[in-house]
Amino acid sequence: MKMIIAIVQSKDSNRLRKAFAKNHIQMTQLSTTGGFLREGNATFLIGIEDERVQDVLEIIKKNAKSREQYVTSQMHMDVEGGSAFPVNVQIGGATVFVMPVEQFHKF
Ligand code: 2BA
């Protein structure tokens, strides 16, 4: 079994949640905040059998879009002493971690 952690943009989260439901993939959705932009994003926790990992990755790939965004990053403001200027960043589609699960219990 694997634990997949997928961070996607909030804009894609509804579509992705529906795709997981349609494919009978159990998951937990968390409302999270990106450390750089400090904007809301969504993190999905998906515990899944090894043989279905590829299916899950395909679903994420299909439903999470990459976007370019001009932002006035709070981090730049912090680091550079308040001089806010816009930077162009490419966000997503998805940042995905796949980890082995040592044990899985439901009590
Ligand atoms: P944020 O930390 O808000 O980052 C949003 C986007 O800003 C990133 O997109 C990246 O293109 C850019 N970015 C991040 N740090 C930067 C920096 N120091 N200088 C210039 N640009 C920077 P993604 O790479 O697609 O990441 C999207 C979100 O995924 C991130 O939101 C964060 O919440 C999460 N993430 C990305 N890499 C991660 C990692 N290694 N560990 C944990 N979470 C991660």
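The values are calculated or read from the model by the stated rules, or taken from the named source; none is laboratory data. Since this is a predicted model, take the numbers as computed values, not measurements. Positions of Cβ are backbone-derived with ideal geometry, glycine not excepted, and every protein chain shown enters the neighbour counts. Surface accessibility is based on the protein's heavy atoms, side chains included, excluding ligands, DNA and RNA. Shrake-Rupley method; radii C 1.70, N 1.55, O 1.52, S 1.80 Å.
Return the total of residues in the range 56-68 being open to solvent by 80 Å² or more (accessible area, probe 1.4 Å) and at pLDDT 95 or above.
Summing the residues that are open to solvent by 80 Å² or more (accessible area, probe 1.4 Å) and at pLDDT 95 or above in the range 56-68 gives 3.
What is the residue count in the range 3-28 for residues that are within 16 Å of the ligand (Cβ to nearest atom), in contact with a helix residue (DSSP H, G or I) (Cβ under 8 Å, 6 or more places away or on another chain) and open to solvent by 70 Å² or more (accessible area, probe 1.4 Å)?
Initially, the range 3-28 is screened for residues within 16 Å of the ligand (Cβ to nearest atom), giving 3-13, 16.
So of that shortlist, the ones also in contact with a helix residue (DSSP H, G or I) (Cβ under 8 Å, 6 or more places away or on another chain) come out as 4, 6, 8, 12, 16.
Imposing the further condition that a residue be open to solvent by 70 Å² or more (accessible area, probe 1.4 Å) reduces the set to none.
Residues flagged as within 16 Å of the ligand (Cβ to nearest atom), in contact with a helix residue (DSSP H, G or I) (Cβ under 8 Å, 6 or more places away or on another chain) and open to solvent by 70 Å² or more (accessible area, probe 1.4 Å) within the range 3-28 amount to 0.
Applying the selection to the range 88-107, what residues are outside any strand (DSSP E or B), of a type in the set (A, V, I, L, M, F, W, C) and open to solvent by less than 70 Å² (accessible area, probe 1.4 Å)?
From the range 88-107, those outside any strand (DSSP E or B) are 92-93, 101-107; that's our starting set.
Still in the list and also of a type in the set (A, V, I, L, M, F, W, C): 101, 104, 107.
Once the filter is applied, which keeps residues that are outside any strand (DSSP E or B), of a type in the set (A, V, I, L, M, F, W, C) and open to solvent by less than 70 Å² (accessible area, probe 1.4 Å), the range 88-107 yields only VAL101.
Hey, which of the strands (runs of 3 or more DSSP E) in the range 1-69, taking only ones fully inside, have at least 2 residues that are of a type in the set (Ser, Thr, Tyr)? Step through it out loud before you land on a result.
On the way: elements: 2-9, 28-33, 40-48.
Per the criteria, 28-33.
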